[in-house]
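What follows is a single structure, written as structure tokens, with notes after it.
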Amino acid sequence: DLEAPGALEAAARQLATSSGDLLMMVTGPDQTSIQMANNTLVSLAEIGLRSHVLMVADTWSTCVQLLASPCFWSSRVLRTAPAPSIASKLFWDWRFRFYYIKKLYMARLLKVGFGVLQADTDTVWVHDPFRVLRQMTSTSIVCMRDVGLANAGIIYARPGSHAAQTVLEEVAWRVQLMQNHPEIVGKIVPFAKS
């Protein structure tokens, strides 16, 4: 359980590249998600990154079904929908349960000095992205663009920037706030009012 004292940092130390980077992915318990995660792990092995993947599952039972070794889980993953809302009615599945955890863990790992590439399991891997990301020295956070918005499907953050750390902590806080108090969404994101 990555919520055990020191577990997240110990896992990162075990998996990080020699440059201190790691790739974080999450998966849930349904067979489609497990198959997709397993396929992605195979493609990551082909480019030499499999041993640097922090795979986070919703439970230990899901870890057992994965080709991931090591596999980690978090007791902080939401088990039940937090509150009735349009978002939870439309999107309540295993992905919704991980939104906060992904951002929280990314901020925590950055704070202790790791570079983190958080990616969805439906990402196609043909090259090691760390080579290019490490060359982007004037950038602290790199995020995938999607229809004019930042898409959380692929995000890379490097340590050392107070501003980047603040942004990641703020995003994690806002995500958990919106998950647990959906009535606040319209106040934080004005265009999300119904």
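The values are calculated or read from the model by the stated rules, or taken from the named source; none is laboratory data. In this text the structure is predicted, and so the values were computed from the model without any measurement. Virtual Cβ from ideal backbone geometry, glycine too; neighbours counted across all protein chains shown. Protein only, heavy atoms only, side chains kept; ligands, DNA and RNA dropped before computing areas. Shrake-Rupley method; radii C 1.70, N 1.55, O 1.52, S 1.80 Å.
Within region 21-43, the set of residues being farther than 14 Å from LEU2 by Cβ and modelled with pLDDT of 95 or more comprises ASP21, LEU23. Any residue in region 58-68 that is open to solvent by 60 Å² or more (accessible area, probe 1.4 Å), at pLDDT below 90 and of a type in the set (Asp, Glu)? No, there is no match, as no residue in region 58-68 is open to solvent by 60 Å² or more (accessible area, probe 1.4 Å), at pLDDT below 90 and of a type in the set (Asp, Glu). Of the residues making up region 114-133, just one is of a type in the set (D, E, K, R) and either open to solvent by less than 10 Å² (accessible area, probe 1.4 Å) or free of Cβ contacts under 8 Å to residues at least 12 places away in the same chain (or both), namely ARG131. Restricting attention to region 145-166, the residues that are open to solvent by 70 Å² or more (accessible area, probe 1.4 Å) and modelled with pLDDT under 90 add up to 5. Being more than 15 Å from the chain's Cα centre (by Cα), open to solvent by less than 40 Å² (accessible area, probe 1.4 Å), closer than 20 Å to PRO129 by Cα and touching a residue at least 40 places away in the same chain (Cβ under 8 Å) holds for only one residue in ALA12, ALA7, ALA37, ALA16, and it is ALA16.
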